[in-house]
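Worksheet: one structure, shown below.
Rule-based calculations on the coordinates, nothing more; no lab input. The structure presented is a predicted model; accordingly, all values stated were derived computationally and were not measured. As a convention, Cβ positions derive from the backbone with ideal geometry for all residues, glycine included, and neighbour counts pool all protein chains shown.
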Amino acid sequence: MGGFTMSNRRDFFKKLGMGSLFLGLGGYSFSSKAAKNKLTKITLLHTNDMHSHIDPFPESDPKYPGLGGFARINALVKKIRREEEYTLLLDCGDIYQGTPYFNFFKGEAELKLMSKMGYDAGTIGNHEFDNGLLGISSQMKHMNFPFINSNYDFTGTVLEGKINPYKIFFKDNIKIGIFGLGVELEGLVASKNCEGVEYNDPIYVAEKMVALLKDDEKCDLVICLSHLGYSSDTDDMCDIKLAKSTSGIDVILGGHSHTLLETATRVRNLDDKEVVINQVGWAGIALGRIDFYIDKNEGIKLASSSLHSIDKRLEA
Amino acid sequence: MLKHLSYLLWATCLIFVVACAPQSQHEAGVFDSNFSIDSCLDQQALKDTAFINMISLYKTGIDSQMNQIVSVSSEALMSGKPESLLSNYIADAMLEIGNQYCLENHLAHGVDLSIINNGGLRTSLPKGAITTGKLFELLPFENKLVIIGMKGADLKNVLRYLAAKKGEGVSGIKMGIKDGKAVDVKIGGEKLDINKVYHIISIDYLVNGGDGMNSFEKRENFRHMHMKLREAIIAHAKTLYQSGIGIKSELDGRIYYEQ
């Protein structure tokens, strides 16, 4: 997906107006001032399905030897934030459950550490319900970032009014709208743990969110934090289906299926525009990064996963 | 339709390799669009002492308990379908735990088969020492063990579920999966008897319809064992290890895909 053809490469550099400068400058931090029109670079960093894996996997682990670790993610995020002016750090759900940290501290450790890392927002995964609705509401005092979900109706529950249906962020002159979609809970979460929560159809809700964020609020970038899962071999709801069945979503950052994507996937939406979908495995084994270059006046958006090895790639 | 070419100029996915060290042996190539989180970040990570201290605050509270060695595994065990070393190990242990329980409680029956969903096995077991903490990672949920009695005729619904799931962790049963259906089913070496009542050890989550399992509804009897799966597995592994038997498992074709 998202093949690197000569024509779109040329367009990319033409728009940036500095193709030659780009070449051979791995790690070069793009300066928007150099472009003819002002391009703002927005760096999205994201995780999913952290599952309480605060410590790295040991070297003896058969699948993920020596990978992961909150302290390392913290260091990498801080490094990128020193390099980039406009970043957002986002999580796509299932922060809870997977190591003794959760059994003993009920989410406090994960949420406090993620707050310290500077997360800007997260969405709710099915395992956030593992200790019931109180297991979420009672731990929220440990977090300084919002939970965003748009398709669970918490009316009449302890979470009523505590979960944001969407949130708007401003970076430079760019307006970024973020909404969140969670997976069907029935048959997945024990009914006593999600009692009173109403699940609404993700596509229906996404359309309403896009109307609000893109049409009414005039957001330049619309991001969906999803815990629906990447793909489905049946016709179940998933990020691919969501992208194809809607319009107006620019990026879907995903979770739930623990999918480790080599490159972000690009899917055409109902308007034949590209939607970028990314997901980075689980347990903090990777940090996702998508850089956007946005020209607010012309409505132009360019996405790249990163620039660090751009030189290497161009030789291919 | 491309109305405005510039409008959808997501030019392309310019992918980078990795922020720091070369991608060594860790599934090379997989991480090339996103950052791998590995030891090359340690030097930087340790500089944020406030962050490290916050982790330690939680870690020191549980480490002494979590670092206890429960047993030793002769090889790495991973989960997978239709059968796997890890799911076979847990399902076999559950069958033994169930039979032990029936014996201790002077029940007129034992357990005929065990069922555990692969989705409930949340990490792999490495070769070597297995700590309490590792078994918490493998079985983090607070799921409790239950025994249910079902007629063979009703058990067929459960077998259909196992087939639809392309296999789950089972013990005491041998079955093929063909076109999404269970075939050549043998329980305890015998053909399925639709009139006989079979006893199954599983977890409350599944029996209550978790993971899409809704085939346990028609049953003859139901018993809570009042113990968590994790605690039962830890106790079972500990007892065996004390008598010199470590964690081991094998693939024996208990669930297979028939062509």
How do B:223, A:289 line up, fewest other C-beta atoms within 10 Å first?
B:223, A:289
Holding the Cα-Cα limit at 21 Å, pick out from B:59/B:228; B:144/B:166; B:156/B:178; B:165/B:238 the pairs that are longer than that.
B:59/B:228; B:144/B:166; B:165/B:238
The answer for residue B:37, listing residues at least 5 apart or on another chain whose modeled amide H is closer than 5 Å to its amide H, is A:68, A:286, A:287
Are there any trypsin sites (Lys or Arg not before Pro) in the stretch A:169-237 that are in a DSSP loop and have at most 11 other Cβ atoms within 10 Å? List them by number.
A:218
GluC sites (Glu not before Pro), restricted to the stretch B:222-259: which are DSSP loop and have at most 14 other Cβ atoms within 10 Å?
B:250, B:258
Each residue of the stretch B:105-113 in turn: what ³J(HN,Hα) in whole Hz from Karplus with 6.51, -1.76, 1.60 and θ = phi - 60°, glycine and Pro shown as x?
9, 6, 7, 6, 9, x, 10, 8, 8
May I ask you to derive the relative contact order of chain B, considering only C-alpha pairs under 8 Å and at least 6 residues apart, and to give it as an integer percent?
24 percent
List the trypsin sites (Lys or Arg not before Pro) in the stretch B:114-217 that DSSP assigns to loop (not H, G, I, E or B) and whose Cβ has at most 16 other Cβ atoms within 10 Å. Which are they?
B:127, B:166, B:196
Which of these, B:199, B:106, B:236, has the largest mean-square fluctuation under a Gaussian network model of chain B (Cα springs below 10 Å)?
B:106
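Please report the antiparallel percentage of DSSP beta bridges with both residues in chain B, rounded to the nearest 5.
80 percent
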Between the helical axis of B:229-242 and the dominant principal axis of chain B, each derived from Cα atoms, what acute angle in degrees is found, rounded to the nearest 10?
80 degrees
If we count other beta carbons within 10 Å of each Cβ, what is the order of A:145, A:57, fewest first?
A:145, A:57
Can you give the calculated 222 nm mean residue ellipticity of chain B, where each DSSP H run of n ≥ 4 adds -39,500 (n - 2.57) and the sum is split over every residue, rounded to the nearest 500 deg cm²/dmol?
-10000 deg cm²/dmol
Within straight cross-link reach of residue A:141, meaning Cα distance under 20 Å, which aspartates and glutamates are found once same-chain residues fewer than 8 apart are removed?
A:91, A:94, A:108, A:110, A:120, A:128, A:130, A:160
